[in-house]
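Below is one structure, written out as structure tokens, with a few remarks after it.
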Amino acid sequence: MVAMTKRLKTFQIVLSDPSKTFYCGGEKVCGRVEVEVNEMTRVSAVKVVALGCAKVEYAKGKQRCRQEAEYLRHEEVLSLHDQPTDADGSVVLRPGNKYQYTFGFDLPDQGQLVSSYKGKFGYVQYCVKAKLERPQQPTLECKKCFEVEEPLDINTPDLLSPTGGSKEKKVTCMFIPDGQVSLNAKIDRRGFCEGEDICINAKFENTCSRIVVPKAAIIAKHTYQANGRTKVFRQKLSSVRGNHIISGMCDAWQGKTIRVPKIKPSMLGCNIIRVEYALMIYIHIPGSEKLILELPLVIGTAGLGSRSNSVSSQEGSVSNASQSWVSLQMPSNPPSYSNLTRDVRLDQPLTPLLCDCDDTDGDSPIFMRSSSFQFPTSPVFAETEEEYNGNVRMLPVC
């Protein structure tokens, strides 16, 4: 931000390392204040103020909820001794000259700051303000914001340990019992970084008369607190889905992956703003509420520590699971349809039984309309191998 008046040609803050994208607790923030004038200007002092605060603001009915929390405050008067001063200590800035005043200050140690954040109902912002004080005239200001990212290390035993759970739901139709659906899911750890894949192992069972769809999504939960009130904003970041499961069948995910998108790390240390993440595994049941299982996630900062051991073990387990899966399902030879002579055309097209209202990809009907259906020619072995290397299978309910 640059302040400009008729007297001022340039008044701005320039940080020493413009390529630096963010600062961490304990680091030094250095820069300079640059001033150029169009006419002679008397200045009594040049001050720098560094501020960092979290602010929440939202409406609750007719009431306006506001809350602030301060995390950084530093004030510094910059030296003018290298310029000729008058008896009152003021200096005169002259046109054609470029004046620079350097500054530097240390950020509080790690753990005392919170990361920069901008959300729907609040923000965490850090900035440096420069004040140009003039005798008997208004003070001029300019501002420069900078990002702070507090390191969040996910290389802890708690975040590297597996987590999972199970849920089941009884389904009714007009108050008449209609079977149930259940899910059991597990992931190998809770801590992840941006761009990593979360491997899901899960089993879904459907004994109700409806056709259900298993899905998974990464959810962000933003919690804002102000005036003793709490406001929660939930956001779906990315999602995957499985196959439709008809009545009396089950579906299994073996290492099905969902990628962590480009998101801010979890923010757990702020007094009034909290950002948490979860992996939501759920079953969409037409005409009924979803069956939902949420597994908490912690999104950390990238490049902290070495997780080669955990990642390699994860890849090894997925590879072993995939190989065992292929050996279990792979036919010894490609199937042949040369002996089939029966006419398998449908007498009439099938209509969708139920649609998945939660879908946005447009393929929610269970059955597709088709005037005829014929078995294809015998596939080559490579195509069969690609098919059985997938992440899902359909099994009868045990």
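Bear in mind that the values in this text are calculations on the coordinates, not laboratory data. All of these numbers come straight from a predicted model, not from anything done at the bench. Neighbour counts are summed over all protein chains in view; Cβ atoms, including those assigned to glycine, are modelled from backbone coordinates with ideal geometry.
With a ≥ b ≥ c taken as the square roots of the eigenvalues of the C-alpha gyration tensor of segment 166-261, please select rounded if a/c is under 1.5 and otherwise prolate if a/b is larger than b/c or oblate if it is not? Before the final figure, lay out the partial values.
Numbers: a/c = 2.81, a/b = 1.37, b/c = 2.06.
Oblate, because a/c is 1.5 or more while a/b does not exceed b/c.
The 3J(HN,Hα) values that the Karplus relation (6.51, -1.76, 1.60; θ = phi - 60°) gives for segment 270-287 are, in residue order, 7, 6, 10, 10, 9, 10, 10, 10, 8, 9, 9, 10, 8, 10, 7, 10, x, x Hz. Gly and Pro appear as x.
Fully extending the segment from Ile292 to Asn97, taken as 0.36 nm per residue of separation minus the present Cα-Cα distance, adds 63.5 nm.
Figure the gain on full extension for Cys53 and Thr139 (residue separation times 0.36 nm, minus the Cα-Cα span) and round it to one decimal in nm. Kindly include the intermediate steps, with their values, before the conclusion.
Details: separation 86, 0.36 × 86 = 30.96 nm, distance 2.29 nm.
Length difference between fully extended and current span is 28.7 nm.
Checking the table Lys9/Lys120; Lys62/Lys131; Lys60/Lys131; Lys55/Lys236; Lys55/Lys131; Lys9/Lys262 against a 31 Å threshold on Cα-Cα, which pairs fail?
On the way: Lys9/Lys120 36 Å; Lys62/Lys131 37 Å; Lys60/Lys131 37 Å; Lys55/Lys236 24 Å; Lys55/Lys131 23 Å; Lys9/Lys262 40 Å.
Beyond 31 Å: Lys9/Lys120; Lys62/Lys131; Lys60/Lys131; Lys9/Lys262.
Neighbour counts of C-beta atoms inside 10 Å place Ile299, Ile292 in the sequence Ile292, Ile299, starting with the fewest. Computed about its Cα centre, the charge dipole of segment 67-198 is approximately 600 debye, with only Lys, Arg, Asp and Glu carrying charge at their Cβ. Would you please classify the overall shape of segment 8-146 from the alpha carbon gyration tensor, given that a ≥ b ≥ c denote the square roots of the eigenvalues, rounded means a/c under 1.5, and beyond that prolate means a/b larger than b/c while oblate covers the rest? Taking the square roots of the gyration eigenvalues as a ≥ b ≥ c, segment 8-146 is prolate.
Order by neighbour count: Ile211, Ile263, fewest other Cβ atoms within 10 Å first, most last. Intermediate values should be presented prior to the final figure.
Working: Ile211 21, Ile263 15.
Ordered from fewest to most neighbouring Cβ atoms within 10 Å, Ile211, Ile263 come out as Ile263, Ile211.
What is the sum of charges around Gln235, taking Lys and Arg as +1, Asp and Glu as -1, for the other residues whose C-beta is under 11 Å from the C-beta of Gln235? With Lys, Arg at +1 and Asp, Glu at -1, the neighbours total +4. Here the spin labels are modelled as points 7 Å beyond Cα on the Cα-Cβ line, and at Arg229 and Thr163 they lie 3.0 nm apart.
Subtract the Cα-Cα distance of Ser238 and Ser90 from 0.36 nm times their separation in residues, and report this length gain in nm to one decimal. Could you put the intermediate results ahead of the total?
Working: separation 148, 0.36 × 148 = 53.28 nm, distance 5.86 nm.
So the chain would gain 47.4 nm between Ser238 and Ser90.
Evaluating 6.51 cos²θ - 1.76 cosθ + 1.60 at θ = phi - 60° for every residue in segment 180-191, the Karplus couplings come out as 8, 10, 8, 9, 9, 9, 8, 10, 7, 6, 9, x Hz, glycine and proline recorded as x. Among Val35, Val43, sorting on how many other beta-carbon atoms sit within 10 Å of each Cβ, with the fewest leading, yields Val43, Val35.
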